[in-house]
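Working notes, beginning with the structure itself.
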Amino acid sequence: VAPAPVLPAEWLVPALRPLVAGDAHAPPSSGEALLRAARAEPLADGIVAFDLFEPRFCELLLAEVDAYEATPLPRRRPNTMNRGGLIVNEIGLEPLMDLLLRRLIAPLAAHLYSAEPFAASLDHHHSFVVAYRHRGDECGLDMHHDASEATLNVCLGRDFTGAGLTLCGLRGGEPPSRGGGDGRERTLRHVHAHTRGHAILHLGRQRHGADDIVTGERYNLILWNKSSHHRLSKDFLAKYRSRPPAAPGGEAASGGEEAAPPDLACLSYTHDDDYENYKPYPPGKKPKPRGPGGG
């Protein structure tokens, strides 16, 4: 009896089945072919969205998460930002995520981010499910960057309203294709509305945040895709040590000034020293303590 496939074709939308499902060891399709087959929608430079999973896959994955969370088995937080959720690599789903990286995400990144030093070297991932619930302790998430080179974010459901994804500029500056120069990290790029089975791909250093959910609960599958080679480079360290500069007249956080005041939707009460220059802190939030050097 042949072993069951890691990713049954019927879990994917029909357009992607011949390119992504099947032999896990077969050479992947090109990023250009994947974008064309998926009819991916460019939301902004370097940000694309497309239908990926059928509703049945979303239901099965949520049932798996529910079943695990009903047990006393140990679990770790998905990351330092989300308290709710589950690391799917730790409940037997790592081979499935490996396949998605190799046959979908890596070729897309090589095509979309060809100017990035990691473009052809994504080789591992941290994959997890996060949950946002109305009236829960996590209704949304402040502006942040991911601990990844490229992030795939797929909505699994369930019923909800609100809870969009706001995307801003890039940490470490923008490439020439986006206008170049510093100070664009806090410029609004796009507000994405989640729907079940729909995926969005963006750079890990893209500033973004989860808007507050209004009703219901929303679950998302997140794959933080990484390059071992890139993470040892000086370029990686330089970009992730940088901080957004302040607007003219404000305190420059990284040795420069923004060309214009930041878009309010892109401010972070967790990371921006000049947050209160533009609006008051949200209830229950306060400036984080500074170190001896004022940084």
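The values are calculated or read from the model by the stated rules, or taken from the named source; none is laboratory data. Just so you know, these numbers come straight off a predicted model, no measurement behind them. Note that we place each Cβ from the backbone using ideal geometry, even for glycine, and neighbour counts take in every protein chain shown. Remember, those area values only see protein heavy atoms, side chains included, never the ligands or the DNA or RNA. Shrake-Rupley method; radii C 1.70, N 1.55, O 1.52, S 1.80 Å.
For the peptides 15-25, 50-60, the ranking by mean Cβ contacts within 10 Å, running from highest to lowest, is 50-60, 15-25.
Taking the mean number of other Cβ atoms within 10 Å as a proxy for protection, how do you rank 88-101, 217-230 from highest to lowest?
On the way: 88-101: 18.1, 217-230: 20.8.
Per-residue mean Cβ counts within 10 Å order the peptides as 217-230, 88-101.
3J(HN,Hα) couplings calculated from phi for the stretch 47-52 with the Karplus curve 6.51 cos²θ - 1.76 cosθ + 1.60 (θ = phi - 60°) are, in sequence order, 10, 10, 9, 6, 6, 10 Hz; Gly and Pro show x. Can you classify the stretch 3-142 as rounded, prolate or oblate using the Cα gyration tensor, where a ≥ b ≥ c are the square roots of its eigenvalues, rounded means a/c under 1.5, and otherwise it's prolate if a/b beats b/c and oblate if not? Taking the square roots of the gyration eigenvalues as a ≥ b ≥ c, the stretch 3-142 is prolate. Multiplying the residue separation of Arg39 and His111 by 0.36 nm and subtracting their alpha-carbon distance yields 24.4 nm.
With θ taken as phi - 60° and the Karplus curve 6.51 cos²θ - 1.76 cosθ + 1.60 applied, the whole-hertz 3J(HN,Hα) list for the stretch 111-122 is 7, 6, 10, 4, 7, 7, x, 8, 3, 9, 10, 5 Hz, x standing for glycine and proline.
Amide hydrogen proximity for Glu138: with H placed 1.01 Å from N in the peptide plane, the residues at 5 or more positions away or on another chain lying under 5 Å are Arg133.
Database remark: amide H of Ala199 closer than 5 angstrom to the amide H of Phe50, Asp51, Leu52 (H placed geometrically; neighbours at sequence offset of 5 or more, or on other chains; Pro and chain starts carry no H).
Rolling a 1.4 Å probe over the heavy atoms of the protein chains gives the stretch 11-79 an accessible area of 54 Å² per residue.
Computed with a 1.4 Å probe on the full set of protein chains, the accessible area for Phe160 sits at about 50 Å². Taking label points 7 Å from Cα along the Cα-to-Cβ direction, Asp263 and Ala24 give a separation of 3.9 nm. Per atom type, the stretch 41-100 shows carbon and sulfur on 54% of its accessible surface, probed at 1.4 Å. In order along the stretch 14-22, the phi-based Karplus estimate (6.51 cos²θ - 1.76 cosθ + 1.60, θ = phi - 60°) of 3J(HN,Hα) comes to x, 4, 9, 4, x, 9, 10, 6, x Hz; Gly and Pro are listed as x. Summarising the amide proton neighbourhood of Ala163: residues at separation of 5 or more, or on other chains, whose placed amide H is nearer than 5 Å comprise Asp212, Ile213, Val214. The convex hull built on the alpha-carbon positions of the stretch 62-182 has an orientation-averaged projected area of 9.3 nm².
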